[in-house]
Amino acid sequence: PCTSFAAIMLGARQLQASRCARQAASSIKLNHRMVGCKAVANGSTQPRRASNDDKKQLIDNVDCFIFDCDGVIWRGDSVIDGVPETLDMLRAMGKRLVFVTNNSTKSRAGYLGKFTGLGLKVNAEEIYSSSYAAAAYLESINFDKKVYVIGESGILEELDLKGIQHLGGPGDADKVVALKKGEYMEHDEDVGAVVVGFDRYINYYKIQYATLCIRENPGCLFIATNRDAVTHLTDAQEWAGNGSMVGAIAGSTKREPITVGKPAEFMLDNIARTFGLQRQQICMVGDRLDTDILFGKNGGLTTCLVLSGVTDEETLLSPDNSVHPDYYMSQLSELLTVKEP
Amino acid sequence: MLGARQLQASRCARQAAGSIKLNHRMVGCKAVANGSTQPRRASNDDKKQLIDNVDCFIFDCDGVIWRGDSVIDGVPETLDMLRAMGKRLVFVTNNSTKSRAGYLGKFTGLGLNVNAEEIYSSSYAAAAYLESINFNKKVYVIGESGILEELDLKGIQHLGGPGDADKVVALKKGEYMEHDEDVGAVVVGFDRYINYYKIQYATLCIRENPGCLFIATNRDAVTHLTDAQEWAGNGSMVGAIAGSTKREPITVGKPAEFMLDNIARTFGLQRQQICMVGDRLDTDILFGKNGGLTTCLVLSGVTDEETLLSPDNSVHPDYYMSQLSELLTVKEPAGVAA
């Protein structure tokens, strides 16, 4: 009975697949049934390495691609080969491109400089950094107090652009706490939120200041740009990420933060609203299962994992992994095969 | 139930008055008072009974003996009284910044008579734990000199600690951090010089050295590092490493039982002979209850009466009092006969 059930399911899937292929071949525009075809491939079955037909179908059906940056577009400070040509091809086909990064060290404008320096043509409004997300979140709740920042200049610049007052950040990098007899740390009672982003200058002063604000200022928010455990901050190796800065403050306050970066949905809601997109029109391309792919699946997007970042094929296909993208490929430039005859 | 409890209580009082030595039934009497009923402010009779029945007192230090660098009033006299009565005294602290020998200096400086072997710091606990598992590799330390000194005393090799306090990570293009592949354990204790270099080094060891242990001296969220206010504790250093490795540590300090096992074994004590006195519900009192000890909360530290008696609190000590020196009342002549 199991075998025949499986055979029926497999037969049904093959039927669906061929129906999808015929629809693609006849260039029927994206509709809900096509999403239904893709939906058969996800979740309960093994992740599927994208065939050339899959790639053609993906590009035909998707109007907007959201790309994670690190491990998809670049690794540290080096662009991944074939990416510039792939982005140019997608733009030429009229696709909307959005770039999302959990790395809060730069602002959108700062990332624009990085893209341009790597030979990639993008516009600042296409970039969704978690630094921007933190400021956008505070704006969305009509925040009117001060923010204490653990993090780098990206967060400060985005808060400035929203007119939100802030303390902390790189300015507190050299502060030392002696813990002499009777020592007392003052803190600003008007701080209504602590924003924690990656901070290579993290120190005890900042940890204690943030702790005081969260514990003693009534209603003080604890916001994390993201919680990535490790990340390719240079292309040479993985480095401890903001999961450690956030972990420090969660450890001293016993509170969990509001997270604005992936896999939380805040940036996706913002993107969909800003560009007037339906979820079915969007494909998320990323290298991390627990942020990028989960972000896409929770949001109802098509998802595609690339193996050019932190996730290898073994981890993806392991029985311990339950986050299954619709497709996977070695790297983004594999999409260029759709131009082949 | 209330009638039964009153009966038990009066039986306990008669046993105390008759100077019957501590036995299991007496523990049974005390047991009636804990857990399911409200915590009980210690009456003078309770204090007499406690002292009669207990052979060993384990004291938390911060909030019980001192606050930051100031001794709490009445403590020296109380400790002297208990020693004169032949009680074994042990001092336990989750603060790993000093070694046992370092704490001896603090006690002496505050006018308190103790011996180094009576002090159980979490710095000592970390070294003792590694010794107990026959650890023979290197340790990377996030923490201060107390941990390094205790590792030295056990002959355990270490890297890191205060020596890495001034290291900066630039994250330049292509930057790569090397790490020692012989590190078999990362020990994380309170570190006022915590920085990104240490976080990354520890992260590399735990993620890349096969079988590398992740050991925390303790996880206190905040603590009276100075007597002026509460300061972020080792819960933040440990939280940082748990956040980057997605691993939970082995904790050697309260409320984990490691130090209690060590104390009981070293001094040849049964659990019923011991009373834990502390100011924190989630470390000291939980430590005592999990270990089968009598527990007594003092309100001279981080816990106030409102928090103790709140319906949100489920950790109930057997007794509570304002501060340790309340025990001195047992020296007063008896009031109205029971």
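Side notes on the structure shown:
- Residue check, residue B:266 over 20 Å from the mean Cα position of the chain (by Cα), over 30 Å from residue B:201 (Cα atoms) and at pLDDT below 95: no
- Any hit, the stretch A:82-91, residues being more than 14 Å from chain B (Cβ to nearest Cβ), of a type in the set (D, E, K, R) and open to solvent by less than 50 Å² (accessible area, probe 1.4 Å): no
- Residue in the stretch A:150-172 that is among the hydroxyl-bearing types (Ser, Thr, Tyr) and within 13 Å of chain B (Cβ to nearest Cβ) present: no
- Test: residue B:279 is of a type in the set (Asp, Glu) and open to solvent by less than 20 Å² (accessible area, probe 1.4 Å): yes
- Residue list for the stretch B:222-238, filter: within 9 Å of chain A (Cβ to nearest Cβ) and modelled with pLDDT under 95: B:222, B:225, B:226, B:227, B:228, B:229, B:230
- Restricting B:197, B:193, B:201, B:140 to those that are surrounded by 22 or more Cβ atoms within 10 Å (Cβ to Cβ) and either at pLDDT below 95 or facing another protein chain (nearest Cβ under 10 Å) (or both) reduces the list to B:201.
- Among the residues of the stretch A:205-224, those that are crowded, with 24+ Cβ neighbours inside 10 Å and within 28 Å of residue B:178 (Cα to Cα) comprise A:206, A:207.
- Condition met for residue A:155 (among the β-branched types (Val, Ile, Thr) and either closer than 18 Å to residue A:234 by Cβ or in contact (Cβ under 8 Å) with a residue 40 or more places away in the chain (or both)): yes
- Verdict on residue B:254 being closer than 22 Å to residue A:175 by Cβ and either more than 7 Å from every other protein chain (Cβ to nearest Cβ) or at pLDDT 95 or above (or both): no
- Residue match in the stretch B:49-59 (condition: open to solvent by 20 Å² or more (accessible area, probe 1.4 Å), under 30 Å from residue B:103 (Cβ atoms), modelled with pLDDT of 90 or more and outside any helix (DSSP H, G or I)): yes
The values are calculated or read from the model by the stated rules, or taken from the named source; none is laboratory data. Treat the numbers as computed from the prediction; the structure is a model and nothing was measured. Backbone-built Cβ (ideal geometry, glycine too); neighbour counts: all protein chains shown. We work out accessible area using only protein heavy atoms, side chains counted, and drop any ligands, DNA or RNA first. Shrake-Rupley method; radii C 1.70, N 1.55, O 1.52, S 1.80 Å.
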